[in-house]
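Here is the structure we will look at, set down as structure tokens.
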Amino acid sequence: MHRFFVEPGQISGSTVVISGEDFKHITKVLRLGKDDRIEVCDGLGNDYLIVLESPTDQTISGYIKSQEPSQGETPELLITLYQGLPKGTKMEVIIQKGVELGVYEIVPFSSLRAVVQIKDKQDKKIERWQRIAYEAAKQSKRGIIPQIGKPLTLAGVLQETDRYDLILLAYEDENRQTLKEALTAFEKKHVADKPLRIAVIIGPEGGFDPQEAAACQAAGVISVSLGKRILRTETAGMMVLSQLNFWK
């Protein structure tokens, strides 16, 4: 069944009104109309089965046949991915796959060894990245659209540590603690009485300078190894997200 996101304000009582690009896609591309069914999500974790009415010139309405919580969310675990800026189109792949794997938010950041720095056309890049997140959320039946934050410096990332219950740094030179060991130690100390907020910090292609790693550790970030193999930056975050899904 075709799926679309709507703003909560588009839902009034038992009626949903769709306009703009989604209206064009429904009526012109999919050629749906009266009595056809679609699925919509309000971006707040609620899914609705909609029976369409006949379209007008600019909108199409439908009535809510049923409502249920989105099955594509893990409300007890909210993960933010801080991603070192990679080259080329790798960020687009990271966003797409991160959304599919359940990330709550993605924030790009610059660091000493990052080849790419966002300066010009920053807003246009973020707008494109947010659109990729939207399409991935729609395809994977997410209950929310993960947000793409404005780029930070690594120092800016470390100023946000108070937001999280646990912050993990995937560091290629870490040889004392694995991700599994860090999660096991955290689980022993933490009583899950609320949604867990976890941050994952992934460096760019060149990895982290030792001074940066030391600054992270001094700020309370837990440095972990992802194994004996060196992973590409677009692979490392996906590995951590996958293991966190398995963990919870």
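What follows draws every value from the coordinates through simple rules; no lab data is involved. This is a predicted model, so every value here is computed, not measured. Every residue, glycine as well, gets a Cβ built from its backbone with ideal geometry; the counts of neighbours run over all protein chains shown.
Dipole size of the chain about its Cα centre, with +1 on Lys/Arg Cβ and -1 on Asp/Glu Cβ: approximately 540 debye, rounded to the nearest 20. Partner lysines whose Cα lies under 29 Å from the Cα of LYS24, excluding those fewer than 8 positions away in the same chain, are identified as LYS34, LYS65, LYS97, LYS121, LYS124, LYS125, LYS138, LYS141.
Over all alpha-carbon pairs in the chain, figure out the percentage whose distance exceeds 30 Å. Summing the P(r) of the chain above 30 Å gives 35 percent of all pairs. When each of the peptides 137-149, 76-88 is scored by the mean number of other C-beta atoms lying within 10 Å of its residues, the order from highest to lowest reads 76-88, 137-149.
Classification of segment 2-69 by its C-alpha gyration tensor yields a prolate form. The axis ratio a/c (a ≥ b ≥ c) is 1.5 or more, and a/b outweighs b/c. For segment 163-248, the Kirkwood hydrodynamic radius comes to 13.4 Å, computed from all pairs of different C-alpha atoms.
With K and R counted +1 and D and E -1, the other residues having a Cβ less than 9 Å from that of VAL224 yield a net charge of -1.
Between LYS87 and ARG163, the simple label model (points 7 Å from Cα in the Cβ direction) yields a spacing of 2.9 nm.
Translational diffusion of segment 129-209, estimated by Stokes-Einstein from the Kirkwood radius over alpha carbon pairs at 37 °C in a medium of 0.692 mPa s, is 213 µm² per second.
Placing +1 on the Cβ of every Lys and Arg and -1 on the Cβ of every Asp and Glu, with nothing else charged, gives segment 2-69 a dipole about its Cα centre of roughly 220 debye. Ordering PHE186, ALA170, ILE144 by Cα displacement along the dipole of the chain toward the positive end leaves ALA170 in first place; charges were set at the Cβ atoms of Lys, Arg (+1) and Asp, Glu (-1). A helix-only calculation puts the chain at -9000 deg cm²/dmol for mean residue ellipticity at 222 nm, using -39500 (n - 2.57) for each DSSP H run of at least four residues, averaged over all residues. Computed on the Cα trace of segment 86-176, the radius of gyration divided by the Kirkwood hydrodynamic radius gives Rg/Rh = 0.98. With R₀ fixed at 25 Å, the C-beta to C-beta distance from ARG131 to TYR63 puts the FRET efficiency at about 0.30.
Starting from the Cα of GLU76, step 7 Å toward the Cβ, then list every residue of segment 12-45 with an amide N under 16 Å from that point. So the set is empty, nothing qualifies. Stretching ARG3 away from LYS150 to a fully extended chain increases their span by 50.2 nm, per 0.36 nm per residue minus the current alpha-carbon distance.
Subtracting the Cα-Cα distance of ALA219 and LYS34 from 0.36 nm times their residue separation leaves 60.9 nm of extension gain.
Under the simplified labelling scheme, the GLU21-GLU205 pair shows an inter-label distance of 2.9 nm, with each label point 7 Å from Cα along Cα→Cβ. As a calculated quantity, the FRET efficiency between LEU44 and LYS194 at R0 = 22 Å, using C-beta atoms, amounts to about 0.75. DSSP beta bridges in segment 1-132, what fraction antiparallel, as a percent rounded to 5? Approximately 70 percent, going by the DSSP bridge assignments.
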